[in-house]
Amino acid sequence: MAPVAEQTVILKLDNAGIGINSKVMAAANGKGAGTWTNMFGKDVEEAVSSVELFVPGGTQIEKGAYSTTLTWTLSADPAQ
């Protein structure tokens, strides 16, 4: 049985500004073995606009360039 992809993934920070794990795909216990891929969008064209940044109103924004690093973690922990 294939893993199930989350339809909406929201990346959050804790109070110290450290990223909190966000589930992107999940498989039921004993399922999901093998090689699987997940696309953000049904094809390359849709993928271009399927990821967006939302900045809540009232957030202090400073002029300049922003960047980040995403770390992908494969976990066999049901709590993740």
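Over the residues of the chain, the helix contribution to mean residue ellipticity at 222 nm works out to -500 deg cm²/dmol, using -39500 (n - 2.57) for each DSSP H run of at least 4. For the chain, the solvent-accessible area of protein heavy atoms averages 97 Å² per residue (probe radius 1.4 Å; ligands and nucleic acids excluded). Placing a label point 7 Å from the Cα of Leu13 along the Cα-to-Cβ direction, the residues of the range 30-70 with a backbone N closer than 16 Å are 53-70. Annotation: amide H-H contacts under 5 Å for Val4 (H modelled 1.01 Å from N, sequence separation of 5 or more, or interchain): Ala26, Ala27. The alpha carbon convex hull volume per residue for the range 1-54 rounds to 113 Å³.
Roughly speaking, to the nearest percent, how much of the chain's 1.4 Å accessible area is carbon and sulfur?
Roughly 56 percent, rounded to a whole number.
The values are calculated or read from the model by the stated rules, or taken from the named source; none is laboratory data. Here the structure is a predicted model, which means the values were calculated and not measured. Methodologically, a virtual Cβ is constructed for each residue, glycine included, from the backbone with ideal geometry; neighbour enumeration extends over all protein chains shown. Remember, those area values only see protein heavy atoms, side chains included, never the ligands or the DNA or RNA. Shrake-Rupley method; radii C 1.70, N 1.55, O 1.52, S 1.80 Å.
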